[in-house]
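One structure is given below, encoded as structure tokens.
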Amino acid sequence: MAAIIPASILGLRGQCVKSLSWDEAAGELVAHCRRDGRFVPVDHRTGARGTVNRRLRRRVRDLPLWGRAVTLEIEYCQLKIGAADRRMERLDFVDPGGGYTHRFCRFVCQL
């Protein structure tokens, strides 16, 4: 039986955690997320709405859990703005192109 963990629990606005797995080779916990369709994607620069051109996936590091490294595999959208512009959607918990969540960066800075 699968359970979907809502974003409000983990602070991942616009994402739902579908499953958790253990990556033996990397020694890390991987949270597989999918985009929550209830949230309208907006451009990360201007905040303008656009149409979804395609969906992409990437991995970002998050806070360790139980002393183990955690990686989030997130799904996000590339938006079509106007006739020729293609831009990535805004995600509140990670910078565009960043490999770390904001809370992981704060954690490292406070060490």
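The values are calculated or read from the model by the stated rules, or taken from the named source; none is laboratory data. This structure is a prediction, so every number in the text was calculated from the model and none was measured. No Cβ is skipped: glycine too gets one built from the backbone with ideal geometry, and neighbour counts run over all protein chains shown. Accessible surface areas use protein heavy atoms only, side chains included; no ligands, DNA or RNA. Shrake-Rupley method; radii C 1.70, N 1.55, O 1.52, S 1.80 Å.
Some points to look at:
- Flag if Asp43 is surrounded by 13 or more Cβ atoms within 10 Å (Cβ to Cβ) and touching a Ser or Thr at 6+ places or on another chain (Cβ under 7 Å): no
- Residue in the stretch 60-67 that is under 25 Å from Leu10 (Cα atoms), surrounded by 15 or more Cβ atoms within 10 Å (Cβ to Cβ), of a type in the set (Lys, Arg) and at pLDDT 90 or above present: yes
- Residue in the stretch 47-57 that is under 15 Å from the mean Cα position of the chain (by Cα), touching a residue at least 12 places away in the same chain (Cβ under 8 Å) and buried (at least 18 other Cβ atoms within 10 Å of the Cβ) present: no
- Pairing each residue of the stretch 9-36 that is more than 16 Å from Tyr76 (Cβ to Cβ) with any residue that is among the polar types (S, T, N, Q) and open to solvent by 40 Å² or more (accessible area, probe 1.4 Å), provided the two are 6+ apart or on different chains, yields C-beta distances under 9 Å for Leu29/Ser21; Val30/Ser19; Val30/Ser21.
- Members of the stretch 88-111 that are open to solvent by 50 Å² or more (accessible area, probe 1.4 Å) and touching a residue at least 12 places away in the same chain (Cβ under 8 Å): Met88, Arg90, Asp92, Pro96, Tyr100, Arg103, Phe107
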